[in-house]
Amino acid sequence: MKTPEDWIDDIVLPSLSDYLAGMAEHQAMSVVTHVHHVSDRVFHYYTQHGPSVLGGAKSETEFLDNVISWSQCLDLELARDVSNSTKHHFLRKSKGKWVNTATSALEISSSAWVIDGTGGYTVEDLVRNVIDFWRAFRRNNP
């Protein structure tokens, strides 16, 4: 099983590099989807190597909801929403208030993809912030 760090290094960062080199919408959606799924990797890592870190969560969704709740890291929720928009078409907000409504998840602005409805928050910033969050989480929960 890949560790969460392996997933970031082997999947997310190369996907981010591809996106930055090409700046295509499908690359933007892919890198956000990949970084969103770091939470799944973290959940499954701790089910085997320290279940107490999960705070009683029984599923990936419950774990991520709990982490978003105590950390107030809206980037985690935004990454989930953008990732889920690949199957729902519209960017929907279940709990957070980053985006009230959007007809799509991303829009192009000054040669960078931004998350629709956020006032210019870039895909790159979102991905880097989520990576930083999970790296810090892992350092604090070895």
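Is there a residue in segment 101-108 that is modelled with pLDDT of 85 or more and small (Gly, Ala, Ser)? No, that holds for no residue. Restricting Val32, Val12, Val42 to residues that are surrounded by 19 or more Cβ atoms within 10 Å (Cβ to Cβ), in contact (Cβ under 8 Å) with a residue 12 or more places away in the chain, within 22 Å of Trp70 (Cβ to Cβ) and of a type in the set (A, V, I, L, M) narrows the list to Val42. Taking segment 45-82, which residues are free of Cβ contacts under 8 Å to residues at least 60 places away in the same chain and either hydrophobic (A, V, I, L, M, F, W, C) or touching a strand residue (DSSP E or B) at 6+ places or on another chain (Cβ under 8 Å) (or both)? Scanning segment 45-82 gives Leu54, Ala57, Phe63, Leu64, Ile68, Trp70, Leu74, Leu76, Leu78, Ala79, Val82.
The values are calculated or read from the model by the stated rules, or taken from the named source; none is laboratory data. Treat the numbers as computed from the prediction; the structure is a model and nothing was measured. Cβ: placed from backbone, ideal geometry, glycine included. Neighbour counts: every protein chain shown.
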